[in-house]
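Undergrad: Sharing a structure below in structure tokens format, with a few things to ask.
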Amino acid sequence: MAKNILQDVLPPEKRSIRDIPLPSDRRKRISDIPLEVDLPRRSPYNQEQYEPPSPHTFEEKRVSEFVEPPRRRHSRLFLWLSILVALLILGFSFFTVFGSATVEVTPKKVEASLDSNFKAVKVKTDTSLFYDVITLTKTGSKVIEAKEEKQVDSKASGKIIISSNESKPQTLVKNTRFETSGGLIYRIAEPITVPAKKGETPGSIEVTVFADAIGAKYNIAITYFTIPGFKGDPRFKTIVARSKTAMTQGSSGLSKIAAEADLTQAKKDIHTELQKELFQEAQSEMPENFILFDNAVSIEFESLPNDPVAPNSIRVNEQAHFQGIIFNKTALEKSIAKEVIPDFDGKAIEIPNIQALVFSSLSPDNLIEKDEIVFNLKGNPSIVWSYEELELRKMISGKSLDEIEEILKTQFSFDKTEITLKPFWVKKLPRELDKIKIVESKG
């Protein structure tokens, strides 16, 4: 019998854990153990016989984790292609709906030379060039030193407004008297006619009156007047007057006066300032789309009585009467275009430098009473065909490029047009006007 080698290495006395004595306090009697104890039961699965896996099982599992079956790979590729197509369709729709257009236009322009006469009428018509007259009155003053003394015997004077409540015009003869409540008498130098009342509004007229005698006592403030010649007549109450200005310049004796050279220079300075102010005022009061040329004005100056403002100084007073010829700008621009362009098509144009043209009147003065005038314009007008941007956008919105080309050719006058559409594949302009941008190129 073969010898068991392991037997030689066993200790001479075989010991077991059962042979180790336990302390008395850890010993338990059987009677101390509960009779009913829930012991764990074996799962039925644990009773099955264990079969070791095949050597190929782990390798197959690894391959199956990383390699998809052919059918599943094709399904995922189709999914990605579907998403890509959907995104392309969505992007195309987005840019088509939210697209825009930029239209760059270069208006037609003609540089011309002008030296022609024109006729304009005061009454507006559809075929004739028409004009109007703007009238203004303004007073200016300047205080200067009174260096000289002079014997001055003069009558006071001033302006009054005569009002009439009579139903018919009333004529007042030369030297008609006007009396203050204090008994001072002033007279008119020329015969006048006071207009009749209109409805409840009295007729009125403005005139200058002069004191009945020389002297400073006739220098008075604004007051009321009656007409002594109408005493005992109803017109004494229906025709009255009131001051518009104070009565001044009444003098008798030595008075301080300005040197003639100082007086002349003061008037010149006042005239220059009045002319500037009147032209600015006329520009601001003109109707919209009217034009006033620098040389299309007439200004007359009137010297008013000077006022002493201190023992050694006086105030020089001047009044300016302004008349200006104003033209409708659009009508004048078309008249100029017809004059310098033989084949003018009559479309809307504008002349940006029209104010630089030189105007000269060929008609006599007193323009207010005239119904027509003749004048000359000279210069180099730049004539540019104009357009309304909103009208242009309305006409081309939603149209194809071919349709737009025909519209621009027949309805507008452009030297060059260029249209940029976004996105590039759209063939029509957006219908929404705010998506169409008009850019003007000066060319």
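None of the figures in this text is laboratory data; all of them are computed from the coordinates on show. Computed from a predicted structure; not experimentally measured. With ideal geometry, Cβ positions are generated from the backbone for all residues, glycine too; neighbour counts draw on all protein chains shown.
Undergrad: List the GluC sites (Glu not before Pro) within the stretch 281-362 that fall in a DSSP loop (any state other than H, G, I, E or B) and whose Cβ has at most 13 other Cβ atoms within 10 Å.
TA: Glu288
Undergrad: Order by neighbour count: Phe279, Phe327, Phe359, fewest other Cβ atoms within 10 Å first, most last.
TA: Phe279, Phe359, Phe327
Undergrad: Next question, about the same structure. Quick one: Ser116, Ser251, fewest Cβ neighbours within 10 Å first, how do they rank?
TA: Ser116, Ser251
Undergrad: Right, here's the next one. By the gyration tensor of its Cα atoms, with a ≥ b ≥ c the square roots of the eigenvalues, what is the shape of the stretch 201-337: rounded for a/c under 1.5, prolate for a/b over b/c, or oblate?
TA: Oblate shape, in that a/c is at least 1.5 and b/c is the bigger or equal ratio.
Undergrad: Rg to Rh for the stretch 151-241: what is it, with Cα atoms only and Rh by Kirkwood?
TA: On the way: Rg = 13.6 Å, Rh = 13.6 Å.
With Rg and the Kirkwood Rh in hand, the quotient comes to 0.99.
Undergrad: Any idea how far apart Glu406 and Glu148 come out in nm if each label point goes 7 Å out from Cα toward Cβ?
TA: Computed distance between label sites Glu406 and Glu148 equals 8.5 nm.
Undergrad: To continue, here is another question. Full extension from Thr208 to Glu273: what is 0.36 nm times the residue separation minus their Cα-Cα distance, to one decimal in nm?
TA: Between Thr208 and Glu273, full extension yields 20.9 nm more.
Undergrad: Here is a follow-up. Rounded, prolate or oblate: which fits the stretch 134-190 when a ≥ b ≥ c are the square roots of the eigenvalues of the alpha-carbon gyration tensor, with rounded for a/c under 1.5 and prolate only if a/b beats b/c? Show your work: numbers first, answer last.
TA: Details: a/c = 2.90, a/b = 1.52, b/c = 1.90.
Here the stretch 134-190 falls in the oblate category.
Undergrad: Going by C-beta contacts inside 10 Å, put Trp425, Trp385 in order with the fewest on the left.
TA: Values: Trp425 10, Trp385 18.
Fewest to most other Cβ atoms nearby, the residues stand as Trp425, Trp385.
Undergrad: Also, I was wondering about something else. Checking the a/c ratio against 1.5 first, then a/b against b/c, what shape does the Cα gyration tensor give for the stretch 309-376? Mind showing how you got there, number by number?
TA: On the way: a/c = 4.23, a/b = 2.63, b/c = 1.61.
Judged from the Cα gyration tensor, the stretch 309-376 comes out prolate (a/c at least 1.5, a/b above b/c).
Undergrad: Between Ile419 and Leu390, how high is the FRET efficiency from 1/(1 + (r/R0)^6) when r is the Cβ-Cβ distance and R₀ = 25 Å? Nearest 0.05.
TA: Efficiency computed from Cβ-Cβ geometry: 0.90.
Undergrad: So if each residue of separation counts as 0.36 nm, and I subtract the Cα-Cα distance between Ser128 and Val439, what length gain in nm does that give?
TA: Extending this stretch completely gives an extra 108.5 nm.
Undergrad: When we measure straight from the Cα of Lys244, which lysines land under 19 angstrom away, once same-chain ones fewer than 8 places off are left out?
TA: Within the straight-line cut-off, Lys244 pairs with Lys138, Lys155, Lys159, Lys217.
Undergrad: While we're here: State, to one decimal in nm, how far the label point of Phe236 lies from the label point of Ala216, with both points 7 Å from Cα in the Cβ direction.
TA: About 3.5 nm separates the two model spin labels.
Undergrad: Give me the number: length gained by fully extending Ala246 to Ile192, i.e. 0.36 nm times residue separation minus the C-alpha to C-alpha distance, one decimal in nm. Intermediate values should be presented prior to the final figure.
TA: Working: separation 54, 0.36 × 54 = 19.44 nm, distance 2.11 nm.
So the extension gain works out to 17.3 nm.
Undergrad: Setting aside same-chain residues fewer than 8 positions from Lys334, which lysines have a Cα under 26 Å from its Cα?
TA: Those lysines meeting the cut-off are Lys108, Lys109, Lys119, Lys122, Lys124, Lys347, Lys370, Lys378, Lys394, Lys409, Lys416, Lys442.
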